[in-house]
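Structure, as structure tokens:
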Amino acid sequence: QAHDAARSGPPLRPPLSLVFSRELFFLGGGARGAGRRSEDAQKHAAAPGGARQAQAASGARPAVMGNGSCGCQYPAGETEADPNTKVNEWCRDPAAAAVSADPSSRTLSREQDDATAATAGVFAPQLAPAGGAQEGQEGVDDSVINIEVLEQAYSETLADKQLSARTVQERTHKILTEAKKEWEQENQVIQRSTRATAWQKELDQTRKLMREDTGGLTRTQGNRYGPDATLPPFERGRHVPVLGLINPMSGAMAGMDILSVCKHQAYYQDRIFNIIDVIKGQRRGGMLDVFRQELNKAKEEARALGTRPRLISGGGDGTGSFALFIVFLSLKADPDRSEDGLGDSGNGFIWTDEEMSESFPALAQMPLGSANDFANILGWGQKYPGNASGVPNAKRATMMLARWFEAVIDPASKVVNFDLWGILPPQGQETCDFKLGELTGVRGRCPNKYVDGKRQVHLKEAGKPVPLFVCLYFSAGFGAYMTARFQINRHKTPITNRAEYVRQALRIVGESTPPQLQLRLNGVAIDCEGAPYFPPRRDRGNRGRGYREVGFYNINWQAHALHGADRAALSKRCCGCGSSSSRRPVTFNDGQLDMFRWKLMSFLKNPGTRMQTDKKKDMMLRYDGERGKGIFFQWDGEARFAFSPSGQPFHIFIRKVCNIPVVIGPYHSRRLTGEVDNGERVRFEFCGDSLEERERVKTRILQGVRGELDQELNASREEILSARFNYGGAVETPI
């Protein structure tokens, strides 16, 4: 029939479709193909030799097969059926059973069968979905494949009697291969469309939840900004596009009230995010996807205005680096989700280096923590917008909140460069050589529990965040130990938190040193730019036991108390003799660390809380202590305990990793920061003296957002115990 149709004109059902559907439904299966096989099996069951015919029609194959002259297979022990009377009933092409017995057509039908048999492997595994069509999914329909050009070529091939069987086979194979390719492309389009539709539904549901007051964010009279609080209307084309990542638990839950206000006002309800929901919603269609979409929209809106978008980071001092982490997380490429816009631009991120440079959001820090050093130095205040020391006044609080937001979206607000530092493996190493634990214990004046008659440090597995970015300051020693103890005794209001810092500091001074720590800074040595820095005069045998703390400032403000300025002679420090401008304050965009070291006598020698600093490009801390000893360090107000499981010396290396843009607020003090315009173009960039060093930074950041640093740095229970520390992970401590 196929031969006659090819000679006489277009068949009612094109031969290619017959071959194609046979390969798809008789050799691969889907639910529809399985159904057709089942029907054929029932039809043949009543015919002579029905059992064997039913087995053939159902798709089953005997264990041992022979080959017929037509290229078909038949059971061993049987002879090929007489080609002059009927076609072998085990023929792989069911359509061939209807071929005419006329000798003129029989030769061509065998050639056709040779060709189609040779192409059986082309379609069988690939065309039909594995396991058949699932309920609720669209099945594959052979009628959808309408490739007129290929079918015409196939018909012409069969009609040409001058062609040899091999030529027919080769041409048919080529035609069917092209048909397979076309089908796969169409199927991929359908699958992408289906996935995109499902993804969009998830995004719509997430956006709906984002606008609702869920998880206790209910707009009631209890909101300190009142039930009718509003923010300044956002005017597209005039105001700078802004997004927000706000911690609802910060600022005595002022963050929760601010989120509630945003949820009920246009523009802000789609751009101001609960930072906890974003970090938890990393599934496909979750809150992180919504944040990414809004960030991309803000990028294009800002580009049309010739500027960059802005990002509100609402929380304590550690929230700034955490907000940066989320931005990098949202921009991380994911090859498995290229169709969702997460394809790699060539640098591991979905934005190119040029897009990162021009459109990386400028950070504006909202003061919702206890110290709020970051927000204060950038000029965004020391207390959350609308904070009242006396009787709360909702109207006044709303006005102050509106002014704060107005300053953020105002294009006149200045954007400048800011140095971002990072903790990296030492040069020549792929990973850091230390492990981290977190102090645990009971709330109170001293969290350490008695063991063998002495108060001893107890550790648990360290939680989030993992140390990577350093925005504000870094130190090891007294301040870090105090911060670790404060984290166990955190309170609900900034005032009580500051009092807790003082209480812990006084207790540390009056207590004996736990056996897990060396006396003060014994065992600590620091090199800067390859030269010895701490302890001073180390070549003369000086040790660190005389010092309480060592580290660096990136901003000129720590804990509402400590500042830094260039090292100077006693006359300049005490009487102000000479030019005051000769003592430069700590500057956050000069590309240098402001290293400091102090002991209790330093406050008398300075005099006061203005520490002497030394500008350096990098810092390498080395700790040398026996097994069972380590050191506390803190970065941006987060404290961890570092140690070597084997007791070998370990290193903490810090250098500049990025240049980021920040927004200067209306309360900026030039006296504290000096000139904030460093004369360079405002940009984002990965930093390093060579291409290799810049690539190391990208790699480290990508490792961080992929969660790989958690395993590298955070110690397990077994590692804590094997290093001879007390494990206290079962102790419950408040958030």
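Numerical summary
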| item | result |
| --- | --- |
| Sites residue 412 and residue 167, calculated FRET efficiency, Cβ-Cβ separation with R0 60 Å, nearest 0.05 | 0.15 |
| Two-site label geometry, residue 189 and residue 451: point separation in nm, points 7 Å out along Cα→Cβ | 6.7 nm |
| Relative contact order computed over segment 257-310 (Cα-Cα under 8 Å; 6+ residues apart), in percent | 20 percent |
| Cross-link reach list, lysines versus residue 464, counting only Cα pairs under 17 Å and skipping chain neighbours closer than eight places | 280, 435 |
| Calculated from backbone phi, Karplus (6.51, -1.76, 1.60) coupling profile of segment 692-702 in Hz, x at Gly/Pro | 4, 5, 5, 5, 5, 5, 4, 4, 5, 5, 5 |
| Globularity index of segment 559-707, i.e. its alpha-carbon radius of gyration over 2.2 N^0.38 Å | 1.27 |
| Dmax and Rg, reported as Rg then Dmax, of segment 527-576 (C-alpha, Å) | 13.7, 36 |
| Coarse-grained scattering of segment 525-643 at q = 0.19, 0.22 Å⁻¹, given as base-10 log I(q)/I(0) from a Debye sum over alpha-carbon atoms | -1.19, -1.50 |
| Ordering of 339-346, 648-655 by burial proxy (mean other Cβ atoms within 10 Å per residue, highest first) | 648-655, 339-346 |
| Portion, in percent, of the accessible area of segment 172-305 that falls on carbon or sulfur, probe 1.4 Å | 51 percent |
| Chain lengthening between residue 671 and residue 198 when straightened (0.36 nm per residue, less Cα-Cα) | 164.8 nm |
| Inter-label distance for residue 303 and residue 542, nm, one decimal - labels placed 7 Å from Cα along Cα-to-Cβ | 5.4 nm |
| Residues with amide H under 5 Å from that of residue 523, placed H, sequence gap 5 or more | 544 |
| Derived scalar couplings ³J(HN,Hα) [segment 658-673; Karplus, 6.51 cos²θ - 1.76 cosθ + 1.60; whole Hz; x for Gly, Pro] | 8, 10, 10, x, 10, 9, 8, x, x, 9, 5, 10, 5, 4, 7, 9 |
| Segment 462-562, accessible surface, carbon-and-sulfur percent (1.4 angstrom probe) | 54 percent |
| Net charge, residue 586 excluded, C-beta distance under 14 Å - Lys, Arg +1, Asp, Glu -1 | +1 |
| Percentage relative contact order, segment 605-681, counting C-alpha pairs under 8 Å, at least six apart | 27 percent |
| ³J(HN,Hα), Karplus 6.51/-1.76/1.60, whole Hz, each residue of segment 612-628, x for Gly, Pro | 7, 10, 10, 7, 9, 8, 7, 8, 10, 9, 10, 10, 10, x, 6, 4, x |
| Calculated log₁₀ intensity ratio I(q)/I(0) where the Debye formula runs over C-alpha points of segment 218-296, q = 0.14, 0.16, 0.25 Å⁻¹ | -0.50, -0.64, -1.21 |
| Shape call, segment 476-576: gyration tensor on alpha carbons, a/c limit 1.5 | oblate |
| Cut-off under 5 Å, modelled amide H: who pairs with residue 451 long-range | 456 |
| Net charge contributed by nearby residues that have their C-beta within less than 11 Å of residue 710 (K/R +1, D/E -1) | -1 |
| Straight-distance crosslink candidates among lysines, where the alpha carbon sits under 16 Å from residue 492 and sequence neighbours closer than 8 are dropped | 383 |
| Residues whose placed amide H lies under 5 Å from that of residue 726, excluding near-sequence neighbours | 459 |
| Residue 403-residue 560 FRET efficiency (beta carbon distance; Förster radius 22 Å; 0.05 resolution) | 0.40 |
| 30 Å Cα-Cα reach of residue 605 towards lysines, excluding residues that sit fewer than 8 places from it in its own chain | 572, 615, 616, 617 |
| Per residue, in Å², the accessible surface of segment 470-548 once ligands and nucleic acids are set aside, probe 1.4 Å | 45 Å² |
| Solvent-accessible area per residue for segment 398-442 (1.4 angstrom probe, square angstrom) | 34 Å² |
| Virtual spin-label span in nm between residue 337 and residue 691, 7 Å along Cα→Cβ | 3.1 nm |
| Packing-based order for 434-440, 606-612, using average beta carbon neighbours within 10 Å, highest first | 434-440, 606-612 |
| Radius of gyration and maximum dimension Dmax of segment 175-270, Cα, Å | 22.0, 73 |
| Kirkwood Rh (inverse of mean 1/r, distinct Cα pairs), segment 641-735, angstrom | 17.9 Å |
| Segment 659-707: relative contact order in percent, alpha carbon pairs under 8 Å with at least 6 residues between | 35 percent |
| Percent carbon-and-sulfur accessible area, segment 602-670, ignoring ligands, DNA and RNA, probe 1.4 Å | 47 percent |
| Span per principal axis, largest first, for the Cα atoms of segment 378-429 (Å) | 58, 28, 12 |
| Computed E for residue 614/residue 721 - FRET, C-beta separation, R0 56 angstrom, nearest 0.05 | 0.90 |
| Peptides 321-328, 676-683 ordered by average Cβ neighbours within 10 Å, highest first | 321-328, 676-683 |
| Distribution of pairwise C-alpha distances over segment 398-453, 10 Å bins, in % | 14, 17, 15, 23, 25, 6, 0 |
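The values are calculated or read from the model by the stated rules, or taken from the named source; none is laboratory data. Computed from a predicted model, the values in this text were never measured in an experiment. All Cβ positions, even for glycine, are placed from backbone atoms using ideal geometry, and neighbour counts span all protein chains on display. The protein model used for the area step is the full one, side chains on, heavy atoms only, and it has no ligands, DNA or RNA in it. Shrake-Rupley method; radii C 1.70, N 1.55, O 1.52, S 1.80 Å.
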